[in-house]
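Accompanying notes for the structure given below.
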Amino acid sequence: MIDKLLPAPVVTAEAFHDAPVSEMFPEEWALVSGAVPQRQREFGTVRGCARSALAELGIAPAPLLPGPNREPQWPPGIAGAMTHCAGYRAAAVARSAEVRAIGLDAEPHLPVEDPGVVDLITLPEERVQLRRLSAAQPEICWDRLVFSAKESVYKAWYPLTRRWLDFEEAHVTLNPSNSTFTARLLVPGPVVDGRELTEFSGRWLVGAGLVVTGIVVMA
């Protein structure tokens, strides 16, 4: 799916079934040895996806360990992102000389069950947008889509800033005509190549029971 979502020079890999946990490096296994089997499998499989994508860039297999805020620590010179949800794992990588950051998120294509959660993750203007889009195209779970978009925003934001970004600190506008979205930052943005970013632009797709969003910050 995500090969249709993210542009070159980003390399992607995905899996709809989990690999054996034995394919993990010992350092990775040590982090999840006490977790439930589902967590072990998703942790290992998504890293297998990442190693497959890295191999296309000529990067030898190595442990991919999380950083202090659970962010993936990529090999030197690499930008990337991982995502996993029920029945799906994916990773995207690129050389940081060409791509400064990648945001990637996948979610089940189901409505957000708790209205309180929608209020927590969206701004009032976004909720107006969601009502309008839901009336026009009820077959799409727009609330889940905006949640996924904001997750991708954070994953693109964090490597550039090393700071947290709350849900209410970015305003997402969804464009159903071309399956894109724009996230306008409501806080000072990161400086990338001498210019302050004031927004992120991304794409989304719905299929195979999933909603997937992606952002690429080019050099």
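Between the stretch 171-219 and the stretch 65-94, the alpha-carbon centres lie 18 Å apart.
In nm, what is the difference between 0.36 nm times the number of residues separating Glu139 and Thr161 and their Cα-Cα distance?
Values: separation 22, 0.36 × 22 = 7.92 nm, distance 3.62 nm.
Gain in length upon complete extension: 4.3 nm.
Using only Cα atoms and rounding to the nearest 10 degrees, what angle (0 to 90) does helix 142-161 make with the longest principal axis of the chain? So the inclination is approximately 60 degrees. Spin-label pair Trp29-Ala97: with each label point 7 Å from Cα along the Cα-Cβ axis, the two points sit 3.7 nm from one another.
Short-range pairs are left out: with C-alpha atoms under 8 Å and at least six residues apart, the relative contact order of the chain is 20 percent.
Compared with the dominant Cα axis of the chain, that is its longest principal axis, helix 124-136 is turned about 90°.
Give me the number: length gained by fully extending Asp193 to Glu168, i.e. 0.36 nm times residue separation minus the C-alpha to C-alpha distance, one decimal in nm.
Working: separation 25, 0.36 × 25 = 9.00 nm, distance 2.60 nm.
Roughly 6.4 nm would be gained on extension.
Measuring nothing but alpha carbons in the chain and taking Rh as the Kirkwood radius, the Rg to Rh ratio lands at 0.96. Taking the longest Cα principal axis of the chain as reference, the axis of helix 37-55 is set at about 80 degrees.
Distant-in-sequence amide contacts of Leu210, defined by a placed amide H-H separation under 5 Å and a gap of 5 or more residues or a different chain, comprise His109. Subtracting the Cα-Cα distance of Leu120 and Leu186 from 0.36 nm times their residue separation leaves 22.1 nm of extension gain.
Around the Cα centre of the stretch 92-219, unit charges on the Cβ atoms of Lys, Arg, Asp and Glu (plus for the first two, minus for the last two) sum to a dipole of about 400 debye. Using C-alpha pairs under 8 Å with a sequence gap of at least 6, the mean separation divided by the residue count of the stretch 121-213 gives a relative contact order of 25 percent.
No value in this document is a laboratory result; all are computed from the given coordinates. As the structure is a computational prediction, the values presented were derived from the model and not from experiment. Note: ideal-geometry Cβ built from the backbone for every residue, glycine included; neighbour counts use all protein chains shown.
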